[in-house]
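All of the numbers you see were taken from the coordinates with simple rules; none came from a lab. Here the structure is a predicted model, which is why all the values come from computation and not from measurement. Note that we place each Cβ from the backbone using ideal geometry, even for glycine, and neighbour counts take in every protein chain shown.
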Amino acid sequence: MLKKVCISIIFLLVCLSFAVTYSQAATYHVLSAWCVDSGKHLDWKGSSQYLSYFNTGVNTWNNYKSGVIRADGAFTVNDVTISDVSDLDGNTVALTSITAPFGNGHGTGTIQFATSKMNKLSSLKKTIVCTHEIGHALGLSENNDNGTNVIMYNDITYNTSNNVLHSQDKLNYDYMYNNKY
Ligand SMILES: [Zn+2]
């Protein structure tokens, strides 16, 4: 039984020689690196057995700001690649890592799903995991300060978001969209 399941990029951050650190902006829960390009698009590719959940996650964000997240095509440059792995360290269910040239700004990313843990989750929780990880690719950080019904609340066991964007998710996305991409 998984007692506590984290969906987090924290584990990777400590391993990176180039530091991807959290923003110092106190009022926003955002990262200093993101996968959205300067054209304000997040173009993804890859494969996963959770693709239907991932697409639902894409729609959750795109229903708020349309056309930002797109499947890679012949004329797009890849920003993030999704894949499945058998397991990830510790309690990590899914992992978003972003490689930015100087540790901040736009970078390319990967989203990995640990099948051993994902397969134990309900369909709703699988969807929330996908939406949450996409949030990291958008440059949002963990947000455990505003209740468990925030998409970016990082413990999937207790995440009560129902895959609905919280005002805090929107606030932080707005900040990134209007100031960073
Ligand atoms: Zn997370």
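Once both labels are positioned 7 Å from their Cα atoms along Cα-to-Cβ, the gap between Leu124 and Ser47 label points is 3.2 nm. Modelled label positions at Asp89 and Thr160, each set 7 Å beyond Cα in the direction of Cβ, lie 3.2 nm from each other. Using the Cβ-Cβ distance between Tyr64 and Thr148 with R0 set to 30 Å, the FRET efficiency from 1/(1 + (r/R0)^6) comes to roughly 0.90. Enumerate the residues in region 64-92 having an amide nitrogen under 12 Å from the point lying 7 Å beyond the Cα of Ser116 toward its Cβ. Answer for region 64-92: 85-92. Counting neighbouring beta carbons within 10 Å and listing from fewest to most, the residues Tyr173, Tyr64 come out as Tyr64, Tyr173. Karplus-based coupling profile of region 97-102, in residue order and whole Hz: 10, 10, 9, 10, x, 10, with θ = phi - 60° in 6.51 cos²θ - 1.76 cosθ + 1.60 and x standing for Gly or Pro.
Close amide H contacts of Asn144 (hydrogens built in the peptide plane, cut-off under 5 Å, sequence separation of 5 or more or a different chain): none are found. Under a 5 Å amide H cut-off, with hydrogens placed 1.01 Å from N, Thr108 pairs with Thr99 among residues at least 5 apart or on other chains. If both residues of a DSSP beta bridge must be in region 75-181, then about 50% of such bridges are antiparallel. Each of Val164, Val150, Val77 was scored by other Cβ atoms within 10 Å of its Cβ. Arranged with the fewest first, they read Val77, Val164, Val150. Applying the Karplus relation 6.51 cos²θ - 1.76 cosθ + 1.60 with θ = phi - 60° to region 65-78 yields 3J(HN,Hα) values of 10, 6, x, 6, 9, 9, 6, 4, x, 5, 10, 10, 9, 5 Hz, where x marks Gly and Pro.
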